[in-house]
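S.K.: Take this structure, written in structure tokens, and hold onto it; I'll ask about it next.
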Amino acid sequence: MRAEPKRDTAIPNTITIDGQEIPFSIGQTIMDAALAAGVYIPHLCHRPGLTPHGSCKLCTVSIEGRNVASHTADRRIQASSSVEIDSRSVSACTMPAMAGQQIRNNTPALNEVRKTITQMLFIEGNHLCPSCEKTGDCTLQAVAYHLGMLDGHFPQLSPRREVDASHGSVVLDRDRCILCELCVRASREVDGKNVFAISGRGIDAHLIVNSASGKLADSDLETGDMAAHICPVGAILIKEHGYEVPIGRRTFDLHRVSEIGLEPVILAKVRHTDE
Amino acid sequence: MEHDSPTSYARRVAIDPITRVEGHGKITLLLDDNNHIREARLHIVEFRGFEKFIQGRPYWEVPFFVQRLCGICPVSHHLAAAKAVDQLVGVEQLTPTALKLRRLLHFGQTLQSHALHFFHLSSPDLLFGFGSNLAERNIVGVLEKYPEVALQGVKLRKYGQQIIMAIAGKRIHGAATVPGGMNKPLTIAERDALLVDIQDVLAWSSEAVALNEHIHTGHPEHYGFATLRTNFLSMTGSGGELELYHGGLRARTAGGESIIDQFDYRGYRDILREEVRPWSYMKFPYLLALGKEQGWYRVGPLARVNNCDAIPTPLAETARQRFREFGKGGFVHDTLAYHWARMIEALHCAESINELLHDPDIIGADLVAPHGEKRRVGIGVIEAPRGTLFHHYQIDAQGLIEKANLIVSTTSNNQAMNESVRSVANEYIDGNEITEGLLNHLEVAVRAYDPCLSCATHALGKMPLQVELLAADGALVDRLTKGVSGEITRSV
Ligand code: SF4
Ligand code: FES
């Protein structure tokens, strides 16, 4: 941790989220501080311990105050989504916590924006929950329930991307990938490998495998790697397993997605063992 | 049998649609010059593209994927696919507990499906008469006039669903099977909860059989309605007894002679062929031994109760013998006797559930058999509520589906439904006019088979229906439409 700048000594290191005062230490993001204080900010691409990525935008919060500069384009979007204009929307997972920030998190307007983002994630892929092995353990599904999402709203894009089942024990179904890059970062930062990457832009963006053939079989991915287990949806799964954990005993049958510190539970579930 | 001949000289009566949901239907009646119905075509948009859709999917997902095929009997698809998947992982024999849990699940599913069909869909027609006031001829009418009957139906269905819940975790789209077994034991508490109502369930099922026997035998005009003399196909147990989960295939002619018996269903391609006709998405299966023209057959409760030598539970067996007596020792071909046979099976399900709940194996913990050598082909067959259901999968070396072939019960009954519709249409067509009576009678004929397409909208007693009379040159002569709330409009 860096030494605190002198001029800050008078101001306590706290931020306020939805009226609740929350301490933070220098270097923490708003997400870090919130999680440490037991405050849930919806998120999909964030996971404590991995470098924040800021891609899913589910953790969008608004910071109030006179000095919050915001780009006019951002303001226009804020206005159209009826998010407070006298504020700035930021990703909680990448925005450093700064003393005195007045943050709104759990508001109807923000949750509506988050719901729309979730709907877009659903329709961009093939998320057929009843037939997906990840159902009940899927963070995307859990977030959708949390936000009260009842349908996809937008027309289904129904992609048909390549399924890679070449690996002996891991299968990659790109039609379910939400491009959160958790696997990319887990492979680099935890497993010390570099198995995955995202290629292409916009609607053509897709997960690729860094191997000569582009196939999982030729990568150095192993079943024990975190990258093989971290996927929040059913895009990376352990092969030839399905439904060992009965409905009713799955992660989000037993826990709320807003519960803090669920990560180890989720990781254990993808090894197909009951709690 | 008449089909697929040139239609240039025929005028067409199109009945459209028997609603979407599990598929949507439309009937075309092809008239000859003497206003005689030469051919009936029941169009069903069903399972279209499913076999393609599943290509490239991992095999272990299939039992869950296929549940999306049908909202009414997802468990049947789940189990048929699970049987195929067992073969893919080299499991020939499930553990006793897993087998009994699967059977219990299947009996629960069949009981609830049969109860739904009779009490919610067909009892209004049967209790009030086909031609009766539409405003009364629905489940609400039954609730008012025959409250005990309606309530028994609701409770039987709920009981079946309770079993599904306990084993699969959810009423629909649950998850019960894993390759070579089951994922969850039945707890003692769950078993005991199911035991609470079983005596009532037995009593209600017995009453339902008696009611259906009474309705059928008491209405001689029902005997010939939509009736056909056909071959029958079903599975039977090793002793020729009624068997819904696992057995050999048996096919018999209308006169009762054996065509095949105790046939290993994994060889179904050697005895069945599926004909494709340009006007329908559904195939037309037939028994190879008898050929295209003679080889079509019926499946489902009527086929099973006729085909079996006995029912291994005492109350249902007594009921079967009375059914047999009605057929004077031979097969009962009456199409409306499907309802009676269906309730005999419901009673058999109730009795079997009772037996299984008292079997100590049912609360066992040994759920998954050790996997053997992997195989590339798996073929699972089950007697679903509507009839024999075939799931056939071929996988590649990575475990992805290369090819799938499904023969669903409604497909097997395809030709028979067409023939029944033709027979009823001939009886009730009135010159160049499509009458409301004709519509109603066609509905009743199709509904006897409990085709998948009849599911959800029927449940509300609402069946949008359109009849078109087209001249040989395709010009519209008459069109009658019955909307979802039963209103009739004629437009030419
Ligand atoms: S495969 Fe899973 S973990 Fe990797 S980017 Fe896609 S959704 Fe995220
Ligand atoms: S969790 Fe912050 S952008 Fe995804």
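S.K.: Just the projected area, averaged over all directions, of the convex hull on the alpha carbon atoms of region A:129-270: how many nm²? Please list the in-between numbers first.
M.R.: Working: hull surface 36.1 nm².
Projected over every direction and averaged, the Cα hull of region A:129-270 covers 9.0 nm².
S.K.: With a 10 Å cut-off between alpha carbons and a GNM built on chain A, which of A:His229, A:His146, A:His46 moves the most?
M.R.: A:His146
S.K.: Then there's this: Determine ³J(HN,Hα), in whole Hz, for all residues of region B:216-226 in sequence, where each value follows from phi through the Karplus function 6.51 cos²θ - 1.76 cosθ + 1.60 and θ = phi - 60°; x replaces Gly and Pro.
M.R.: Calculated HN-Hα couplings, in order: 6, 5, x, 10, x, 5, 7, 4, x, 5, 6 Hz.
S.K.: Can you compute the FRET efficiency between B:Lys292 and A:Ala36 using 1/(1 + (r/R0)^6), with r the Cβ-Cβ distance and R0 = 60 Å? Round to the nearest 0.05. Kindly include the intermediate steps, with their values, before the conclusion.
M.R.: Working: r = 73 Å, r/R0 = 1.22.
My answer for the efficiency is 0.25.
S.K.: Let me ask you something else. Which pairs break 27 Å Cα to Cα here: B:Lys52/B:Lys83; B:Lys170/B:Lys283; B:Lys283/B:Lys403? Could you put the intermediate results ahead of the total?
M.R.: Details: B:Lys52/B:Lys83 20 Å; B:Lys170/B:Lys283 32 Å; B:Lys283/B:Lys403 17 Å.
The answer is B:Lys170/B:Lys283.
S.K.: Rounded to the nearest 100 Å², what is the sum over both chains of accessible area buried where A meets B, with a probe of 1.4 Å? Present the calculation step by step, with values, prior to reporting the outcome.
M.R.: On the way: alone 13720 and 18140 Å², together 29940 Å².
Protein heavy atoms only, the A-B interface buries about 1900 Å².
S.K.: Using only C-alpha positions, report the orientation-averaged shadow area of the convex hull of region B:362-454, nm², one decimal. All intermediate terms of the calculation are to be shown ahead of the outcome.
M.R.: On the way: hull surface 40.5 nm².
Result: 10.1 nm².
S.K.: For region B:51-363, state what percent of all Cα-Cα pairs lands in each successive 20 Å bin, counting from 0 Å until the bin that includes the largest distance.
M.R.: Each 20 Å bin holds this share of Cα pairs: 30, 60, 10.
S.K.: Sorted from largest to smallest, which semi-axis lengths in Å does the alpha carbon gyration tensor of region B:126-270 give for its equivalent ellipsoid, taking the root of 5 times each eigenvalue?
M.R.: Output for region B:126-270: semi-axes of 31, 30, 14 Å.
S.K.: When only alpha-carbon atoms count, how far does region B:283-433 stretch along each of its three principal axes, as whole angstroms with the largest first?
M.R.: That works out to 64, 42, 31 Å along the principal axes.
S.K.: Per residue, how many Å² of accessible area does region A:159-240 show with a 1.4 Å probe? All intermediate terms of the calculation are to be shown ahead of the outcome.
M.R.: On the way: 3160 Å² over 82 residues.
Averaged over the residues of region A:159-240, the accessible area is 39 Å².
S.K.: Another question, if that's okay. What aspartates and glutamates does A:Lys215 reach when the alpha-carbon gap must be under 20 Å and sequence neighbours fewer than 8 apart in one chain are set aside?
M.R.: A:Glu162, A:Asp164, A:Asp173, A:Asp175, A:Glu181, A:Asp191, A:Asp204, A:Asp225, A:Glu240, B:Asp396, B:Glu402
S.K.: So what's the net charge close to A:Phe196: Lys and Arg +1, Asp and Glu -1, counting the other residues with Cβ under 10 Å from its Cβ? It would help to have the intermediate numbers written out before the result.
M.R.: Numbers: positive: A:Arg185, A:Arg188, A:Lys193; negative: A:Glu181.
Once positives and negatives cancel, what remains is +2.
S.K.: Further question: Run down the lysines and flag those whose C-alpha is under 28 Å from the C-alpha of A:Lys57, throwing out any fewer than 8 positions away in its chain.
M.R.: Within the straight-line cut-off, A:Lys57 pairs with A:Lys115, A:Lys134, A:Lys193, A:Lys269.
S.K.: Looking at chain A, I'd like the Rg to Rh ratio, where Rg is from alpha-carbon atoms and Rh is Kirkwood's inverse mean 1/r.
M.R.: With Rg and the Kirkwood Rh in hand, the quotient comes to 0.98.
The values are calculated or read from the model by the stated rules, or taken from the named source; none is laboratory data. Computed from a predicted model, the values in this text were never measured in an experiment. Note that we place each Cβ from the backbone using ideal geometry, even for glycine, and neighbour counts take in every protein chain shown. Please note that ligands, DNA and RNA were not included when accessible areas were found on the heavy atoms of the full protein model with its side chains. Shrake-Rupley method; radii C 1.70, N 1.55, O 1.52, S 1.80 Å.
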